[in-house]
1. Taking the range 453-478 as the search range and keeping residues that are over 19 Å from VAL395 (Cα atoms), part of a strand (DSSP E or B) and not polar (S, T, N, Q), which one is least open to solvent (accessible area, probe 1.4 Å)?
2. Looking only at residues in the range 288-306 that are of a type outside the set (Lys, Arg) and over 20 Å from the mean Cα position of the chain (by Cα), which one is most open to solvent (accessible area, probe 1.4 Å)?
3. Out of the range 259-268, which residues are open to solvent by 10 Å² or more (accessible area, probe 1.4 Å) and either modelled with pLDDT of 95 or more or of a type in the set (S, T, N, Q) (or both)?
4. So, in the range 520-547, of the ones that are charged (D, E, K, R) and open to solvent by less than 10 Å² (accessible area, probe 1.4 Å), which residue ends up farthest from ASP383 (Cα to Cα)?
5. Test each condition in (1) in contact with a Ser or Thr (Cβ under 6 Å, 6 or more places away or on another chain); (2) not in a loop (DSSP other than H, G, I, E, B); (3) not acidic (Asp, Glu) for GLN305 and report the one that comes out false.
6. Among (1) out of contact with any helix residue (DSSP H, G or I) (no Cβ under 9 Å at 6 or more places or on another chain); (2) open to solvent by 10 Å² or more (accessible area, probe 1.4 Å), where does GLU62 come up short?
7. Among the residues of the range 144-160, count how many are at pLDDT below 95 and either assigned to a strand (DSSP E or B) or open to solvent by 40 Å² or more (accessible area, probe 1.4 Å) (or both).
8. Does the range 274-287 hold any residues that are in a strand (DSSP E or B) and open to solvent by 10 Å² or more (accessible area, probe 1.4 Å), and which are they?
Amino acid sequence: MSERQAAVEQWTALDGGNKMNIKNPILPGFHPDPSIIRVEDDYYIATSTFEWFPGIQLRHSEDLKNWKNIGYALTRTSQIDLKGCDISGGVFAPCLTYHNGTYYLMYTNVRTHWYAYMDCHNYLITTKDIYGEWSDPIYIHSAGFDPSLFHDDGRKWVTSVLRRYRADENGGTMAGIVIQEFDEKTGSLVGELHHIYNGSGKITTPEGPHIYKKDGWYYLLAAEGGTEYGHAATLARSKNILGPYELCPHNPILTSRDDLSLELQKAGHGDLVETPSGEWYMVHLCSRPLPPFRRCILGRETAIQKVVWDSEGWLQLEDGSHSPKVEVEIPNMVEGQATPKSKKYLFDSDKLDFDFQSLRIPLDESMMSLTERRGYLRLIGKDSPNSRFEQSMVVRRQESFHFTAETCVEFDPTSERQMAGLIYIYDTDDFCYLRVTCNYHGKRILDVLTLEHGNPTYSPVKGIEIGDHRQIYLKLTVKKDVGVFSYSFDAVDWNEIGHKVDASKLSDEHCKEGAYTGAMVGMCCSDMLYRKAYADFGYFEYVAEDE
């Protein structure tokens with residue numbers, strides 16, 4: 001018996017069955033498409049990262065409530081090449097599994113998906129140590145997306161979406177869920193491809209498949225209805241992994257599509273985990289819209305629900321409904337340490353904190369340094385903030401409706417084509433950027449560049465001249481859908497700058513149709529002259545306020 005199991009049993013005996021509540025979402029902010037496993041007493045979740053690098057964020061928990069960021073699986077360009085990929089392209093829906101001492105991760109790299117054709121390549125990586133390096137990828141196929149690996153009595157199977165390029169009579173391009181055997185020795189698919197699921201018939205477009213085996217049945221859990229407000233999770237089962245699969249009478253087993261008053265919307269795309277005591281939980285995707293436009297500025301988040309198996313062997317939410325709950329009871333758990341919601345990053349290490357990511361590419365020594373000037377993050381400018389190729393940008397997720405982000409920058413531009421500062425970004429077509437730059441006369445100025453659907457505006461139009469001030473303090477304060485930028489020369493007296501920001505526009509609902517990510521905030525430097533202009537950032541602070 002592990003020390004943790006002993007503590008749980010002791011606590012339960014003393015208290016007669018202690019319980020605690022989890023408040024959803026367990027991973028607030030941009031953490032979509034969760035895949036969960038348990039290894040002994042430890043739980044791990046992998047989530048999608050799309051065009052942000054490193055790829056596939058990994059989190060660890062001992063209690064299903066508190067989740068620590070332990071890094072990323074895709075840390076090298078040999079594992080994932082995102083340069084030039086579409087907005088909301090890149091890493092889709094990872095599947096994390098564990099078998100015989102090895103961790104497995106399947107994922108899709110979507111290069112293009114806004115057009116008639118979709119370039120989506122699927123891969124498998126492995127590791128013996130989830131805190132360590134993962135292998136270079138094994139190519140699986142390019143027939144669809146959302147691959148999932150199932151380990152079954154010495155054999156392995158890959159399920160995924162099959163995507164067609166000619167729409168069917170209903171205008172759809174999804175050809176259902178398919179399965180094929182995977183030979184680990186040769187690293188290739190073998191045998192025939194089998195269609196096993198066309199959806200529940202109540203919704204549309206099945207995706208995100210996962211297979212489980214229980215009591216002699218193979219259970220197929222899938223997402224349906226798209227990842228927007230029609231999203232849902234459905235279930236089917238078969239005695240044979242290749243089917244035929246019968247539909248669950250409770251379908252959809254999870255959805256918000258019928259009740260727009262629920263706090264957790266877009267519920268779907270789930271994965272199951274069993275606790276050591278035999279209880280079952282589903283982690284799933286959700287979003288929390290803000291009135292009046294029902295925009296979800298925190299993106300697609302991760303929540304958890306208690307599920308039970310009924311007398312007929314079908315899965316359903318514990319209360320018998322299909323509506324996601326904001327509070328979920330977890331029995332007989334010893335609560336772990338909560339992850340702080342606020343953090344000040346001092347750049348006193350040789351590596352960036354796991355909270356930070358860059359856009360599409362790793363930042364090498366030609367773009368970033370933590371050692372050139374100790375205690376500072378130096379960003380060496382490359383492409384413009386619109387680029388899908390080489391941007392010097394370091395950002396973290398917005399994880400609260402109310403937050404303040406602050407930094408201090410030293411930057412000496414000589415051209416309007418050089419800029420650096422504090423950026424609040426959804427994608428390269430939609431962001432707000434409080435920046436130090438130059439005007440036409442070579443004077444350093446501060447202004448706010450706002451890009452909406454690729455169209456720029458500047459506020460104030462001529463900027464504010466900052467003279468010889470070396471250290472410029474920059475701040476963004478967001479309260480739900482209203483954001484305010486401000487600046488200071490001493491971190492004491494602050495001055496608002498630019499128009500108020502409509503934070504709700506940095507959302508799936510307002511940005512490019514079909515976008516899937518969330519708002520990020522951080523630091524950026526651009527030098528479109530490629531003269532190695534650099535900006536030094538003294539710190540970055542993210543403070544989540546009470547909501």
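The values are calculated or read from the model by the stated rules, or taken from the named source; none is laboratory data. Keep in mind that what you see is a predicted model, and the values were worked out from it rather than measured. Here the Cβ positions follow ideal geometry from the backbone for every residue, glycine too, while neighbour counts run over all protein chains shown. These area figures cover heavy atoms from the full protein model, side chains too; ligands, DNA and RNA do not enter into them. Shrake-Rupley method; radii C 1.70, N 1.55, O 1.52, S 1.80 Å.
1. Only one residue fits best here, namely GLY463.
2. Step one: list which residues in the range 288-306 are of a type outside the set (Lys, Arg), which gives 289-293, 296-299, 301-305.
Keeping just the survivors that are over 20 Å from the mean Cα position of the chain (by Cα) gives 291-293.
Values: PRO291: 101, PRO292: 99, PHE293: 131 Å².
Of everything passing the filter in the range 288-306, PHE293 is most open to solvent (accessible area, probe 1.4 Å).
3. Keep residues of the range 259-268 that are open to solvent by 10 Å² or more (accessible area, probe 1.4 Å), which gives 259-263.
ASP259, SER261, LEU262, GLU263 - these are the residues of the range 259-268 that are open to solvent by 10 Å² or more (accessible area, probe 1.4 Å) and either modelled with pLDDT of 95 or more or of a type in the set (S, T, N, Q) (or both).
4. Only one residue tops the list, namely ASP536.
5. (1)
6. The single condition GLU62 does not satisfy is (1).
7. Result for the range 144-160: 2.
8. GLU274, TRP280
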